[in-house]
1. Using the structure shown, decide if H183 is part of a strand (DSSP E or B) and touching a residue at least 12 places away in the same chain (Cβ under 8 Å).
2. Quick one: in the range 252-273, of everything that is small (G, A, S) and over 30 Å from F43 (Cα atoms), which residue is surrounded by the fewest Cβ atoms within 10 Å (Cβ to Cβ)?
3. With the structure loaded, tell me whether E167 is closer than 18 Å to G124 by Cβ, in contact with a strand residue (DSSP E or B) (Cβ under 6 Å, 6 or more places away or on another chain) and not hydrophobic (A, V, I, L, M, F, W, C) or whether it fails that test.
4. Against the condition on the phi < 0 side of the Ramachandran plot, of a type in the set (A, V, I, L, M) and within 18 Å of the chain's Cα centre (by Cα), how does L90 come out, does it pass?
5. Filter the strands (runs of 3 or more DSSP E) completely within the range 10-73 down to those with at least 2 residues that are in contact with a helix residue (DSSP H, G or I) (Cβ under 9 Å, 6 or more places away or on another chain), of a type outside the set (A, V, I, L, M) and surrounded by 17 or more Cβ atoms within 10 Å (Cβ to Cβ).
6. Go through I213, I134, I189 for me and flag whichever is touching a residue at least 24 places away in the same chain (Cβ under 8 Å), outside any strand (DSSP E or B), among the β-branched types (V, I, T) and in contact with a helix residue (DSSP H, G or I) (Cβ under 8 Å, 6 or more places away or on another chain).
7. Those residues that are in contact (Cβ under 8 Å) with a residue 40 or more places away in the chain, part of a loop (DSSP other than H, G, I, E, B) and within 14 Å of R268 (Cβ to Cβ), I need them from the range 98-111; list them, please.
Amino acid sequence: MKLKNFSKIYLTKDAENYPLTKKILKKISYAEKHYVFPGDLHFKPHLEPALITESKKNLFLTVRKENFIEKCPGTPAHLCCNYFVAKNILGCPADCSYCYLQAYINLKAVTIFVNTDDFLNDFGKKAAGGKFRIGTGEFSDSFFLDDLLNINKELIKICSSTESFLELKTKSAEVKDILGLEHKGRTVIAWSIAPEEIIKTEEKGSASLGERIIAAAKCAEAGYPVALHFDPLIYFPLWQKAYASLVENIFSVLPPKKVIWVSLGALRFHPHLKAVLYERFPDSKILFGEFIRGDDGKFRYLKYIRAEMFEKITGILRRFDKNMRIYLCMESPELWKSVFGREPKKIKNLNLIFG
């Protein structure tokens, strides 16, 4: 991610003397600097799309006192994959049309918690406390700002001596800094994957499909387990052909046996996101399908459409590895039974995820 994209840096007084703050202010010395109180940057994202656009150009440096690691809240009436979310950044400098953060984070800047030692301490305690899956890519991209934070190396080192998995999830291809690290197979490098036509139109500021696949192959060659997240799956004319071609492209470069897990998640969105998406991405086509409001309050494709997509893409993936570990993200027990014939806890090779 190009640092010149940031034009303003907001910071709180308690963040001023942290080493990470000083490093960022030196690296982005051309940006305007403003001291603020935390509440000064709050807004209601579903009412002000223009501020969401503006927030991509701003950084907010502040201190988080506690709760860096939290259980993924999941969604009501849907099965959760026992994931833990590490929060050291809130917001992402890339700009995907469907990004749920547009209806969730209410800050006028990409927020970095600069008390890195506190974050690493919390992360280390959690990772050492059991067999967990902990990821930094839920509230931001795990790599886009790592040239500023340089924190992935520390997280990889911590997890290498535990039984937990660190998952670094990204749409980037900048992995060169981690290739030579001693990870002992406890860090999973994960890519959000979509057909190139979706990446070009809906995932602004992210790496191309080809760049992501090459980066994934490099990580696999360096011994890292690799994960793939087909999420969100987009239903559009000729989607089957597009996703079949996508899978073939991936496994022409990346050995299927290097993939530790694959998630499938159909497009879903909070009601507030619809108006934001139409205003911020007027050329987007992803909302042209037929949606219904689910038990969790989010809009989703009709069940038969989701089931068809999950079944077809699972079939395509298993042509390359019949034992590939595939799971559904935030789906109901009914959909699991429709696609796989049973719920995840009764699928043997998903014990690693659903325990």
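The values are calculated or read from the model by the stated rules, or taken from the named source; none is laboratory data. What you are looking at is a predicted structure, and each value in this text was computed from that prediction instead of being measured. Virtual Cβ from ideal backbone geometry, glycine too; neighbours counted across all protein chains shown.
1. no
2. The residue in question is S252.
3. yes
4. Yes, satisfied.
5. Qualifying strands (runs of 3 or more DSSP E): 58-62.
6. I213
7. Passing the criteria: Y98, Y104.
Here is a yes/no grid of residues against (1) within 13 Å of T170 (Cα to Cα); (2) surrounded by fewer than 22 Cβ atoms within 10 Å (Cβ to Cβ):
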| site | (1), (2) |
| --- | --- |
| T201 | no, yes |
| K204 | no, yes |
| G210 | no, yes |
| A217 | no, yes |
| L228 | yes, no |
| D231 | yes, yes |
| Q240 | no, yes |
| I250 | no, no |
